[in-house]
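Below is one structure; the comments refer to it alone.
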Amino acid sequence: MAGLRDDAQWIVLMGFIVSFSLFFVAIVINQSTVVGQTTAEAVIEFPKNDIRGMRDMIIQSEFLVDEGVFNNKTNVQNDIKTLSLHRQNSVVSFSSRNPTGSDPHTYIEIHYSNGVTAYNETWRSN
Amino acid sequence: MVMSENGQLYTIEGIAAALILLVTAFIVVNSTSVYTQGDTHINDMQLELLGSDALSMLNTAPNSSFGKSPLQTIVETDDSALFRTLFLNTINNTTGPGGDRIQYKANVTYVDKDGFVSTLPLSDSPHPFVGGEHAVRVSQWVIVEKRFPDCSAGSCSGKHAVLVEVLLWRD
Amino acid sequence: MTDDSGLMSVDFMTGFTIFLIAFIWVATMVPGLFIGLQTRSIDYDAVAYRTSVILVEDPGASATIVSNYPWESLKDTQDIVRLGLAVSKDTPRVLDQNKVNRFFCQTSFSYPEDYRSRLFFSDYPYTFNISLKIEGENETRTIGDVVPSYYPYGYIRRDVKIKRPSNATIGETIIRQHNFNNTENVTFNEFSIVINSSSLLTGPVGQYPAHGGGAVYRINPSWDKIMINFTDLDETRNKIAHPTPPTSIRLTQVKFSEILGTGLVGFTPPLVFENYTYVTGINEATKPPVDIVDGNLSLIFDSGFFAGTDKYGAIYLNLTFELDPPQQYLNNTHTRPFDYNYHPANVTQPALTDAVMEVAVW
């Protein structure tokens, strides 16, 4: 072997120094990208428009009526459930309580879940 | 024969250093996932937001005397040309001079009489969708009074909730 | 023993060259790591998005002590906590015209501090440009610095609608239709207007049933600006019996009251709104008594004027016209109060105009 001579080891040392600085740079880069990436993804992930749309539809549908051959309320409410499930991958359910003598408000319980985001609300008419 | 290894000292150390560097570089490049603007979905986010804005604006009439939004009328009468004009005007409008170049493909999704989900084409932009585009999907609920093609039974006339779904991309 | 002293330099060169080649190769990869890495611009896009959401989907907020009043009605910018332009939380993307006017008013907010602390909420001093183009207006409204063309900035565009407030014009047609002119000659002619908050807020809106999606067209008396114009007041006189107009026609007072429970109680509007009448000949808002010179009178109640009233009650306005000498004039003592409602024949309904907003942040 090369005996005990070690005058060439500074080359390996330089290799180590450069390697460590590379690792350091990598850590810094990894930290910095997280901010913007998560914001944009969070905006896309969170189904704000889906929830708003479905909530609006449910409230409107509650005040439709089944009359004659037109089952407007039943049809619309079934459509909401089916289309939410098939096109927005979300389970939507709702039920309502009509005004009683002592309480003139209509209440609607709204539940929405797409597996990641769940939304529950008890809507009250004014 | 006596092998002299003295003269290879620097070469061996050089190879060692080079290996360390290359291995490090390989690990670093593999482990840092660098996000470019395209990767972060920022363009998708902007397009999606703009699309749902535009659809919801189309679903709002200018005042309360109409009773129906332009979008409801378009779906009920299958007015593809009107949708194209209104939608392109809204979505490509900018505050500065010139407009944007967003293209779209719109469908109406509804539930037919057997409870299955069906789709009808509503309107297309001048540049049709061919499949290679990086598109985002936005949708808008509307309640319409319309008989859909495979819905002949009396029970399925009247009002229906449908989804207007639009694919959006920039060309 | 071989003499290997000459091999040393060749060995050194080979070893060092291998190291250098590897080093250079790795060094050229490092900038590659940074390509496309525009952390700044990515962050700016997020800020632009957040700002647009506050502007377009939030109605803004006033300080706790004045939380009853919409921010656009507050004269002191210190009382404004958050600058949102939406009409209400439930009507995203529909902006209030008064809020828009106040927001883009260069004299009422100082750029950029007032905007930074009420819209961006950040320690980092963002520079920005917010522009709004309203359909039918030639000028694009804008606030902020010129958008940079040589370096990246965060950007978002939103499609919105601008809601123009309602107003009523009580002119000859309405006066004749509702018999709003008295047949007796009196000194004090009383005219009353009712703003039924309860039915405005909960009833049907135009063609829309109560919960049928017409929320964006609602008139909210306690938050919206309300304008009542009177024209052709001279026509309410009996010109055949009295060809000459009275020497003085004066609106002596406007009495505000509201229904609370079952009774009618007086209501005093906040002091900041004390001037609300506009007549020909005076170029600023005044308060009664005012002289009506040509039969035109406008009452403009800024947003927040009726903020103190019961949301589900009704507001009554009683106008007293003093005529000297006594004549017949605008008077509905014997008929019904003028109803400020969703009937397009009575009230010019709120209307929505298309607009597009762009937010750039850097």
Name the residues in the range B:1-31 that are more than 18 Å from residue A:12 (Cβ to Cβ), of a type in the set (S, T, N, Q) and either part of a loop (DSSP other than H, G, I, E, B) or at pLDDT 80 or above (or both), would you? B:4
What residue, of B:74, B:91, is away from chain C (no Cβ under 12 Å), within 28 Å of residue C:157 (Cα to Cα), touching a helix residue (DSSP H, G or I) at 6+ places or on another chain (Cβ under 6 Å) and at pLDDT 90 or above? B:74
The range C:180-197, residues that are under 35 Å from the mean Cα position of the chain (by Cα) and assigned to a loop (DSSP other than H, G, I, E, B): C:180, C:196
Of the residues in the range C:306-362, how many are within 14 Å of chain B (Cβ to nearest Cβ), touching a Gly at 6+ places or on another chain (Cβ under 7 Å) and part of a loop (DSSP other than H, G, I, E, B)? 2
Matching entry among C:172, C:139 (being of a type outside the set (A, V, I, L, M, F, W, C), within 30 Å of residue C:301 (Cβ to Cβ), in contact with a helix residue (DSSP H, G or I) (Cβ under 6 Å, 6 or more places away or on another chain) and surrounded by fewer than 17 Cβ atoms within 10 Å (Cβ to Cβ)): C:172
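Give the number of residues within the range C:93-141 that are within 16 Å of residue C:159 (Cα to Cα) and either out of contact with any Phe, Trp or Tyr (no Cβ under 6 Å at 6 or more places or on another chain) or away from chain B (no Cβ under 14 Å) (or both). Working first, answer last.
Pass one, the range C:93-141, residues within 16 Å of residue C:159 (Cα to Cα): C:93-97, C:100, C:130-137, C:140-141.
Next, only the ones that are either out of contact with any Phe, Trp or Tyr (no Cβ under 6 Å at 6 or more places or on another chain) or away from chain B (no Cβ under 14 Å) (or both) stay: C:93-97, C:100, C:130-137, C:140.
Summing the residues that are within 16 Å of residue C:159 (Cα to Cα) and either out of contact with any Phe, Trp or Tyr (no Cβ under 6 Å at 6 or more places or on another chain) or away from chain B (no Cβ under 14 Å) (or both) in the range C:93-141 gives 15.
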For residue C:220, indicate whether it is out of contact with any Ser or Thr (no Cβ under 7 Å at 6 or more places or on another chain), of a type in the set (S, T, N, Q) and not in a strand (DSSP E or B). yes
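Each row is one residue, and each column tells you yes or no for (1) of a type in the set (Ser, Thr, Tyr); (2) within 24 Å of the chain's Cα centre (by Cα); (3) crowded, with 21+ Cβ neighbours inside 10 Å.
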| position | (1), (2), (3) |
| --- | --- |
| C:283 | no, yes, no |
| C:290 | no, no, no |
| C:305 | no, yes, yes |
| C:324 | no, no, no |
| C:329 | yes, no, yes |
Can you tell me how many residues in the range C:29-61 are out of contact with any Pro (no Cβ under 7 Å at 6 or more places or on another chain) and either part of a strand (DSSP E or B) or modelled with pLDDT of 80 or more (or both)? 16
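Please indicate, with yes or no, whether at least one residue in the range C:266-288 is in a strand (DSSP E or B), more than 14 Å from every other protein chain (Cβ to nearest Cβ) and touching a Phe, Trp or Tyr at 6+ places or on another chain (Cβ under 8 Å). If you could, list the steps in order and put the result at the bottom.
At the first step, the residues of the range C:266-288 found to be in a strand (DSSP E or B) are C:266, C:277-279, C:286.
Restricting the remaining residues to those that are more than 14 Å from every other protein chain (Cβ to nearest Cβ) gives C:266, C:277-279, C:286.
With the extra rule that they be touching a Phe, Trp or Tyr at 6+ places or on another chain (Cβ under 8 Å), the set shrinks to C:266, C:286.
The answer is yes; a qualifying residue exists.
When only residues in the range C:176-221 that are of a type in the set (Ser, Thr, Tyr) and away from chain B (no Cβ under 12 Å) count, which is surrounded by the fewest Cβ atoms within 10 Å (Cβ to Cβ)?
Filtering the range C:176-221 down to residues of a type in the set (Ser, Thr, Tyr) leaves C:183, C:187, C:192, C:197-199, C:202, C:208, C:217.
Subsequent filtering for residues that are away from chain B (no Cβ under 12 Å) retains C:183, C:187, C:192, C:197-199, C:202.
On the way: C:183: 9, C:187: 14, C:192: 18, C:197: 23, C:198: 15, C:199: 15, C:202: 15.
Of everything passing the filter in the range C:176-221, C:183 is surrounded by the fewest Cβ atoms within 10 Å (Cβ to Cβ).
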Among the residues of the range A:65-73, is any under 30 Å from residue B:160 (Cβ atoms), within 13 Å of chain C (Cβ to nearest Cβ), at pLDDT below 85 and surrounded by 18 or more Cβ atoms within 10 Å (Cβ to Cβ)? yes
With the condition kept exactly as written, say whether any residue in the range B:107-118 is touching a helix residue (DSSP H, G or I) at 6+ places or on another chain (Cβ under 8 Å) and touching a residue at least 60 places away in the same chain (Cβ under 8 Å). no
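The values are calculated or read from the model by the stated rules, or taken from the named source; none is laboratory data. Predicted model, so just to flag it, every value in this text is computed and none were measured. Counting neighbours? That spans all protein chains shown, and the Cβs are built from the backbone with ideal geometry, glycine included.
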